[in-house]
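Asks: Could you have a look at this structure, given as structure tokens, before my questions?
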Amino acid sequence: MNQPVTVSRDADIAVITLDNPPVNALSHRLRAPLMEALEKLGDDASVSAIVLTCAGRTFVAGADITEFGKPMQHPILGEIIAALEKIAKPTVAAIHGTALGGGLELALGCHFRVALRDAKLGLPEVKLGLLPGAGGTVRLPYLLGPQKALKVIVSGTPVDAATALEGGLVEAVYDRDLVANAIAFARERVAAGGPFRPVRDRREKIENTDLARFDTEASELAKKARGLEAPIACAQAVRNAITLPFDEALAAEREAFMRLVSGEQSRAQRHLFFAEREAAKVDGVGKDIKAREIRRAGIIGAGTMGGGIAMSFVNGGIPVTLLEMSREALDRGLATIDKNYSISVSRGSLSEDAKSQRMALFTGTTDYADLAGCDIIVEAVFEEMSVKKDVFGKLDKIARPGAVLATNTSYLDVDEIAAATSRPQDVVGMHFFSPANVMKLLEIVRGKHTAPDVLATALAVAKRIGKVPVVVGVCHGFVGNRMLAARSEEAESLLLEGASPAEVDKVFTDFGWPMGPFQMGDLAGLDIGWRNRKSLGKKAIIADPLCEQGRFGQKTGKGYYLYENGRTPKSDPEVLKLIEEKAREHGIERRTILSQEIIERSLYPMINEGARILEEGIAARASDIDIVWVNGYGFPIGKGGPMFWAEKEGIAKIVERLDHWHSRTGKAVFGPAPLLRKLAASGGSFADAREAAA
């Protein structure tokens, strides 16, 4: 086993190298010898300066998250930083890769920081439901100033080395030879003479802060928190850096960290952190399975979905051949893509040069033959089996051997689509979510014949284009849409029995969803569901009449709500009148429906369907389902996903209430899945779902 901390010398400059693969996490294994090295070198008269660096591909990328919530093992990071700050000789952090969380806090304990040009520095703890716990919310404002530090800490988004240099977070940036340059930098500081002030003594950038302006910015950030505690705690901690003496602000930060780390939201967000990494582990796709090389992608369809998918590939640096059936449709699609990038330029998130570079990666065509050189082809055509099979029959004739053929179907049988080709082993589902260039989730659907290296390729592509992949099995609707159908089963019944669209939606937003099901329907377009129902020979008592009146949602200014001012929904008396009329027609006596009933009749069936999905092996893990719903459907991250939340809610309680509604309504959606009954009886958890189902 490697030594986690080694010390070398360049004459009078000591170099401490941290080596704790894969990301040099600050586990106790690293902290203890680091503290020992700092104490020895601080007292060593032959050492005039100390350089702190890391082996491997990165600087310290954070704390060891597995230690959170466990008894503290000394020295803790705060004690190491305090020891660093007591060293009178100059200390220099040499940063490459990423200095994140505790890694950046460690670097802030040094007098100086230098970095390679491609390094990233940040405090992403907020994404784990936490705030920095070792002085990050105090020291970073001292260096960057409160406003800049506020954005970095509350967003959790790292800054690049150039931005860090401009803001004063690092003193120098290099293109190569980091350690050699850091040693030379340290010698320059020794020659310049001291005293060397630690960050804790540099209050210049927080003095005379406009507190009213700061509070306004913090308030705006809090509005975006959607019930999450950590962003608000981060903003308060930065405010403390302005208004309190250093040690008091430090103590308040630590108190807030300990409160958050033991709270439900942080537990949920840490669950999602590990769940995302688990989702990348797929049975039959080990490290020995190599992904196919992807140099060019073909996308069939330049509409809303196809255009968004094409943008995703281009954003990941993959050139795209975009196919449409007519030049008019192709031009319209490319114009929309150009417009979307222009919006990013206007917002400052993309430069004009970057936009031009991305647009240059698109090649438009109306000829299938132009897809022949593509390494992966994704179809995004109309959601109808005959149309999909026709497309794949054509691809079978023109696609090069070894090309990955992917369908973006939301519901349809991937195996039936694959059967339209002579190479089902090359076919895979890649279900993007709209808008595809924004939404993170990618459901990768593993067909009966899908080759392991095709799955490996889909996973690699997902990572390259910035998506969160989850591999699922073949069934109608896969994981996300199948559970959505169960969640939606009682939506109209709730309206007919006494709730209004606004009352149902409020229960959802109070729960933490960004919007409720009826507002979401209006946003997506009610005509989509109407068209799908008609193709299946189904009817909806309320939604169908709305669509027959041309009320398709936001796009027509009317749906379940009125939209008089763009996207702001307003309750419509005409819709309430329609609901009451339909209730009378069907002999339903309306009553007051409380929020708990709405939860039980909406979310419990969804959990029930999730359990069935686990029983059938459509999802490998309950945590995979959580990743699907948080990243694709807006399930509140502070609740950790539907299956994580269900365990906190109580599986036995959910089964009891499902039985209640099943006996009352006779609807299959309320019949508890066998897995739920087993777990309720045994007190087990979804973590052992496969064993429990067996």
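Read the figures in this text as sums done on the coordinates, not as results from a lab. Everything quoted here is computed from the prediction, not taken from an experiment. When we count neighbours, we look across all protein chains shown, and the Cβ atoms used for this are built from the backbone with ideal geometry, even at glycine.
Asks: Can you pull the one-decimal nm distance between simple spin-label points at R226 and T556, each 7 Å off the Cα toward Cβ?
Replies: With each label point 7 Å from Cα toward Cβ, the separation is 2.8 nm.
Asks: I've got another one for you. State which entries of K339/K440; K440/K463; K151/K205; K290/K463; K127/K639; K151/K224 exceed 18 angstrom in Cα-Cα distance in the structure shown. It would help to have the intermediate numbers written out before the result.
Replies: Working: K339/K440 21 Å; K440/K463 10 Å; K151/K205 16 Å; K290/K463 15 Å; K127/K639 13 Å; K151/K224 12 Å.
Beyond 18 Å between Cα atoms: K339/K440.
Asks: Can you tell me which lysines have their Cα less than 18 Å from the Cα of K570? Leave out same-chain residues fewer than eight positions away.
Replies: Here the lysines satisfying the reach criterion relative to K570 are K506, K555, K558.
Asks: Residues with amide H under 5 Å of C54's amide H, sequence separation 5 or more or different chain, H placed in the peptide plane at 1.01 Å from N; which?
Replies: L18
Asks: Which of H586, H660, H449 has the fewest other C-beta atoms within 10 Å, and how do the rest follow up to the most?
Replies: So the ranking, lowest neighbour count to highest, is H586, H660, H449.
Asks: Between E255 and K86, what's the calculated FRET efficiency when r is the beta-carbon distance and R0 is 25 Å? Round to 0.05.
Replies: Details: r = 23 Å, r/R0 = 0.93.
E(calc), rounded to 0.05, equals 0.60.
Asks: What translational diffusion coefficient, in µm²/s and rounded to a whole number, does the Stokes-Einstein relation yield for segment 357-514 at 25 °C and a viscosity of 0.890 mPa s, taking the hydrodynamic radius as the Kirkwood radius over Cα pairs? Provide the component values of the computation, followed by the final result.
Replies: On the way: Rh = 17.5 Å.
Answer, rounded: 141 µm²/s.
Asks: May I ask you to sort S422, S685 by Cβ crowding, counting other Cβ atoms within 10 Å and putting the fewest first?
Replies: Arranged by neighbour count, lowest to highest, S422, S685 become S422, S685.
Asks: I've got another one for you. Can you compute the charge dipole magnitude of segment 201-277 about its Cα centre, using +1 on each Lys and Arg Cβ and -1 on each Asp and Glu Cβ, nothing else charged? Give it in debye, rounded to the nearest 20.
Replies: Values: 13 positive and 14 negative charges, 83 e Å.
For segment 201-277, the charge dipole is close to 400 debye.
Asks: Treat every Asp and Glu Cβ in the chain as -1 and every Lys and Arg Cβ as +1, leave all other atoms uncharged, and give the resulting dipole magnitude about the Cα centre to the nearest 20 debye. Display every interim value, and only then the final one.
Replies: Numbers: 87 positive and 89 negative charges, 72 e Å.
Dipole of the chain, to the nearest 20 debye: 340 debye.
Asks: Further question: Once the Cα gyration tensor of segment 595-693 is found, what semi-axes does its equivalent ellipsoid get, as square roots of 5 times the eigenvalues, in whole Å, sorted largest first?
Replies: Values: eigenvalues 74, 55, 28 Å².
Listed largest to smallest, the semi-axes of segment 595-693 are 19, 17, 12 Å.
Asks: Computed FRET efficiency, Cβ-Cβ of A681 and L523, R0 45 Å: what is it to the nearest 0.05?
Replies: Numbers: r = 41 Å, r/R0 = 0.91.
The pair A681/L523 has a calculated efficiency of 0.65.
Asks: Continuing with the same structure: Each label point is 7 Å from the Cα along the Cα-to-Cβ direction; what then is the distance between the points at D367 and A335, in nm?
Replies: Computed distance between label sites D367 and A335 equals 2.5 nm.
Asks: So for segment 5-262, what percent of the C-alpha to C-alpha distances run longer than 27 Å?
Replies: Numbers: 10575 of 33153 pairs.
I get 32 percent for the Cα pairs in segment 5-262 exceeding 27 Å.
Asks: Then there's this: If I take all pairs of Cα atoms in the chain, what percentage of them are more than 46 Å from each other?
Replies: On the way: 67165 of 240471 pairs.
I get 28 percent for the Cα pairs in the chain exceeding 46 Å.
Asks: Size of the dipole of segment 450-528 about the Cα centre, Lys and Arg at +1 and Asp and Glu at -1 on the beta carbon, nothing else charged, in debye to 20?
Replies: Working: 6 positive and 10 negative charges, 139 e Å.
Using Cβ point charges on Lys, Arg, Asp and Glu, segment 450-528 gives about 660 debye.
Asks: Here's another thing I want to ask about it. Which far-off residues, 5 or more places away or on another chain, put their amide H under 5 Å from the one on L442, with H placed in the peptide plane?
Replies: Hits under the 5 Å cutoff: V468, V470.
Asks: Can you tell me which lysines have their Cα less than 16 Å from the Cα of K397? Leave out same-chain residues fewer than eight positions away.
Replies: Straight-distance partners of K397: K388, K389.
Asks: Do the alpha carbons of any pairs in K40/K86; K281/K394; K448/K539; K467/K534 sit beyond 22 Å of each other, and which pairs?
Replies: Values: K40/K86 13 Å; K281/K394 33 Å; K448/K539 33 Å; K467/K534 33 Å.
Exceeds cut-off: K281/K394; K448/K539; K467/K534.
Asks: Next question, about the same structure. Which of the GluC sites (Glu not before Pro) found in segment 188-286 are loop residues per DSSP with 16 or fewer other Cβ atoms within 10 Å of their Cβ? Could you put the intermediate results ahead of the total?
Replies: Values: sites: E188, E204, E207, E217, E220, E229, E248, E253, E255, E264, E276, E278; in loops: E204, E207.
Answer by residue number: E204, E207.
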